[in-house]
Amino acid sequence: MENLIRKNVMAMSTLLQQKENTFSKEILKKSISDSIQALQQLQAPTGLAFMENAALMLTKCFQNGNKVIIAGNGGSLCDANHFAEELTGFFRKFRPALPAIALSESAHITCTANDLGFEWIFARGVQAYGKPGDIFVGLTTSGNSENIVKAVEVARELGMQTITFLGKSGGKLKGVADLELIIEGFEYSDRIQEAHMAAIHMIIQLLEIQLFPTIS
């Protein structure tokens, strides 16, 4: 009797595990499909034009002795740091460093948020470092992050060029920056951020070729 019960329990456990594995695979397949769908938006004429124009704008900025200031919230701030380090370091082949600042210093962020308000944390960084001819890059998957909205506003007032990486409908920042990428059709930020980071890598690849043709 005990052996029969043990066999039944093992059989049930195996069946449940098979169902769980099938369920997990379906979740993964859906996530992979969504990720591909997000990346395919970069292949659209608007996506290609954005990356080409962003690479050209950044190339001219660096050729003129100017710099790039980048900001984002949460995972997008990680993307901002990633963007900056690919410029100050290098992407695929060793070449001269390029001036880029990610506004991620914790003391500045907490000081400004505490004394002025969270919406000013990036705008104050733009005021501190930005000058005409520089570029401000803002990443916000909703397009509604008040601190990015304020930073874009201040950057434009200073005579800087602006690039935004947006998602969903584009939010408040739709149509505001000189160049914008909007990854549409996703409720959550993860797929949008994946497409943003892919676009950033491709932009850097293009600008390195344009700036350092003998190295690339």
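Using just the helices of the chain, give the 222 nm mean residue ellipticity in deg cm²/dmol: DSSP H runs with n ≥ 4 each add -39,500 (n - 2.57), and the total is spread over all residues, rounded to 500. Walk me through the intermediate numbers first.
Working: 7 runs with 126 residues, N = 216.
My calculation for the chain gives -20000 deg cm²/dmol from helical runs alone.
Let me spell out the model: positive unit charges on the Cβ of Lys and Arg, negative unit charges on the Cβ of Asp and Glu, origin at the Cα centre of the chain. What dipole size does that give, in debye rounded to 20? Kindly include the intermediate steps, with their values, before the conclusion.
On the way: 19 positive and 22 negative charges, 96 e Å.
Dipole about the Cα centre, nearest 20: 460 debye.
When the C-alpha to C-alpha distance is required to be over 28 Å, the pairs from Lys93/Lys168; Lys60/Lys93; Lys30/Lys67; Lys29/Lys168 that qualify are Lys93/Lys168; Lys30/Lys67.
Note down the relative contact order for the chain as a percent, whole number, built from C-alpha pairs under 8 angstrom at least six residues apart.
Numbers: 322 pairs, mean separation 46.8, N = 216.
Relative contact order here is 22 percent.
Taking square-rooted eigenvalues a ≥ b ≥ c of the alpha carbon gyration tensor, is segment 130-216 rounded, prolate or oblate, where a/c under 1.5 means rounded and, failing that, a/b exceeding b/c means prolate? It is oblate, given that a/c is not under 1.5 and a/b is not larger than b/c.
Shape call for the chain from the C-alpha gyration tensor, a ≥ b ≥ c root eigenvalues: rounded (a/c under 1.5), prolate (a/b greater than b/c) or oblate? In terms of gyration-tensor shape, prolate.
Axis of helix 146-157 versus longest Cα principal axis of the chain: the two differ by about 20°, to the nearest ten degrees. Loop by DSSP (not H, G, I, E, B), at most 15 other beta-carbon atoms within 10 Å: where is the longest site-free stretch of the chain for GluC sites (Glu not before Pro)? With a cap of 15 other Cβ atoms within 10 Å, the longest stretch comes to 1-104.
Post the alpha-carbon centroid distance, segment 167-216 to segment 106-144, in whole angstrom. When both Cα centres are located, 19 Å separates them. For trypsin sites (Lys or Arg not before Pro), the sites in segment 91-160 that DSSP calls loop and that have at most 14 other Cβ atoms within 10 Å are Arg92, Lys93. Across segment 78-85, computed HN-Hα scalar couplings (Karplus, 6.51 cos²θ - 1.76 cosθ + 1.60, θ = phi - 60°) run 4, 5, 4, 4, 4, 4, 5, 5 Hz from first to last residue, x flagging Gly and Pro.
Computed from the coordinates by the stated procedures, all read-outs in this text should not be read as laboratory data. What you see is a predicted model, and the numbers here were worked out from it, not measured in a lab. A quick note on method: Cβ atoms are made from the backbone with ideal geometry, for glycine too, and the neighbour counts reach across all protein chains shown.
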